[in-house]
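*Asks:* My questions will all concern the structure given below.
The values are calculated or read from the model by the stated rules, or taken from the named source; none is laboratory data. This is a predicted model, so every value here is computed, not measured. For neighbour counting, all protein chains shown are included, and Cβ atoms are generated from backbone atoms with ideal geometry for every residue, glycine included. Note: areas computed on protein heavy atoms with side chains; ligands, DNA, RNA excluded. Shrake-Rupley method; radii C 1.70, N 1.55, O 1.52, S 1.80 Å.
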Amino acid sequence: MSPKKIRKERIVVKVGTSSITNENGGINIHQIDLLCRAIAGIENLGYDVVLVSSGAIAVGANRMRLKQKPKDLRLKQAAASVGQSELMHLYSKFFGEYGRLVGQILLDNDDVENPIRRENLQNTFDALLENHIIPVVNENDSVSHTEIESEQKLFSDNDMLSAIVAVFCGACKLIILSDIEGLYDKNPSTNPDAKLISRVENIDESIYALAEGSGSNRGTGGMITKLQAAELATSRGVDVLITNGKNTDYLYDIIDKKHVGTLFVAKE
Ligand code: ADP
């Protein structure tokens, strides 16, 4: 993946399933509204934002009134198909309220690996962003199964997808919104005395040693996939921030260069 020139007005925001669904798996409409409002607010300050959103399977399962999270691949892909269009409907509605247009981009491995498709994709991102349209990106779950359950794990989950998208777009920043304030010195869901780490210059073995998998049954990758994503993005010149998606005002704080969450500093 060839790095693009870094554009200081371009930001990728990734939102996890746990940030846009409720404990019972229902859609957290209030949270989606707040997220769209904050992103539209940042755009009004002169930034162009790409939104990478998980949540299609959870939202689809809820709309299909499935009693539990689907387990077999066919049903997961059906839920992804229902949930993706439902999610786009909500993003289009709420961003529309704040005067913004959205465009859907669904990706799978081939789009990133094949040079011609990759170039087409970069052109699509550029054309959307130059026209101030917010690309809403997800893995193409109803066709590909890399995010759902993969041996290959190219994207491993949308954390890695968001890092790839950030490099693709020449974004200066990737903001990963999670269900937690940032990276702690141990897993805070099992260690109440865990301390937030505010800045990481180098993602090495000692940093990976702090991370475990997902604490919630709605989350997917946990902290490990976020570190892998941060390692890729920072190595290509993109600053990465992990912070809590529940407080969407953090997005303004990040733009104001106030300290929130964990910053993984880009390599030159
Ligand atoms: P999301 O759905 O927002 O992507 P995940 O549940 O996949 O969120 O990942 C975040 C979770 O990772 C945290 O809630 C926590 O349970 C777990 N985790 C494991 N190790 C750490 C750590 N060192 N610091 C912070 N969170 C950690």
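*Asks:* Which shape class, rounded, prolate or oblate, goes with the range 1-41 when its Cα gyration tensor gives a ≥ b ≥ c as root eigenvalues, a/c under 1.5 marks rounded, and past that a/b bigger than b/c marks prolate?
*Replies:* Numbers: a/c = 6.32, a/b = 2.02, b/c = 3.14.
In terms of gyration-tensor shape, oblate.
*Asks:* Please compute the per residue accessible area over the chain with all protein chains in place, 1.4 Å probe, rounded to a whole number of Å². Mind dumping the intermediate values first?
*Replies:* Numbers: 12230 Å² over 268 residues.
Using a 1.4 Å probe on heavy atoms only, each residue of the chain averages 46 Å².
*Asks:* Output needed for the range 4-115: three equivalent-ellipsoid semi-axes, defined as square roots of 5 times the C-alpha gyration tensor eigenvalues, in descending order, whole Å. Present the calculation step by step, with values, prior to reporting the outcome.
*Replies:* Details: eigenvalues 139, 75, 23 Å².
Equivalent ellipsoid of the range 4-115: 26, 19, 11 Å, largest first.
*Asks:* Using mean Cβ contacts within 10 Å as the protection proxy, how do 91-104, 60-73 order, highest first? Let's see the in-between values first.
*Replies:* Details: 91-104: 16.4, 60-73: 13.7.
So the order, starting with the most tightly packed, is 91-104, 60-73.
*Asks:* Here is a follow-up. Report the local net charge at N191: Lys and Arg +1, Asp and Glu -1, summed over other residues whose C-beta lies under 15 Å from its C-beta. If you can, show how the numbers build up before the last one.
*Replies:* Numbers: positive: K186, K195; negative: E181, D185, D193, E212.
Result for the local shell: -2.
*Asks:* Out of the DSSP beta bridges found with both residues in the chain, what percent are antiparallel (nearest 5)? If you can, show how the numbers build up before the last one.
*Replies:* Values: 5 of 33 bridges.
Here the share of antiparallel DSSP bridges comes out near 15 percent.
*Asks:* Round to a whole number: what % of the accessible area of the chain belongs to carbon and sulfur, probe 1.4 Å? Please list the in-between numbers first.
*Replies:* On the way: 5910 of 12230 Å².
Using a 1.4 Å probe with all protein chains present, the chain comes out at 48 percent carbon and sulfur.
*Asks:* What's the whole-number percent of alpha carbon pairs in the range 34-176 lying beyond 20 angstrom? Write down the numbers at each step before the final one.
*Replies:* On the way: 4958 of 10153 pairs.
Counting pairs separated by more than 20 Å, the tail of P(r) holds 49 percent.
*Asks:* Next question, about the same structure. Can you give the extra length, in nm with one decimal, that the chain gains between K69 and L45 once fully stretched, where that is 0.36 nm per residue apart less the Cα-Cα distance? Write down the numbers at each step before the final one.
*Replies:* Details: separation 24, 0.36 × 24 = 8.64 nm, distance 3.93 nm.
My answer for the length gained is 4.7 nm.
*Asks:* Do me a favour and compute the ellipsoid semi-axes for the range 33-82 from its Cα gyration tensor, root of five times each eigenvalue, largest one first, whole Å.
*Replies:* Values: eigenvalues 204, 24, 8 Å².
After scaling each eigenvalue by five and taking roots: 32, 11, 6 Å.
*Asks:* For the chain, build the convex hull from the C-alpha positions and give me its volume per residue in Å³.
*Replies:* Values: hull volume 32.1 nm³, N = 268.
Taking only Cα atoms, the chain has a hull volume of 120 Å³ per residue.
*Asks:* Also: Let me check against my output: what whole-number percent is the relative contact order of the chain, with C-alpha pairs under 8 Å and at least 6 apart?
*Replies:* Over the chain, the number comes to 23 percent.
*Asks:* If you take every residue apart from I133 with its C-beta less than 12 Å away from the C-beta of I133, what net charge results, scoring Lys and Arg +1 and Asp and Glu -1? If you can, show how the numbers build up before the last one.
*Replies:* On the way: positive: R100; negative: E43, D48, D126, E130.
Around I133, the surrounding residues sum to -3.
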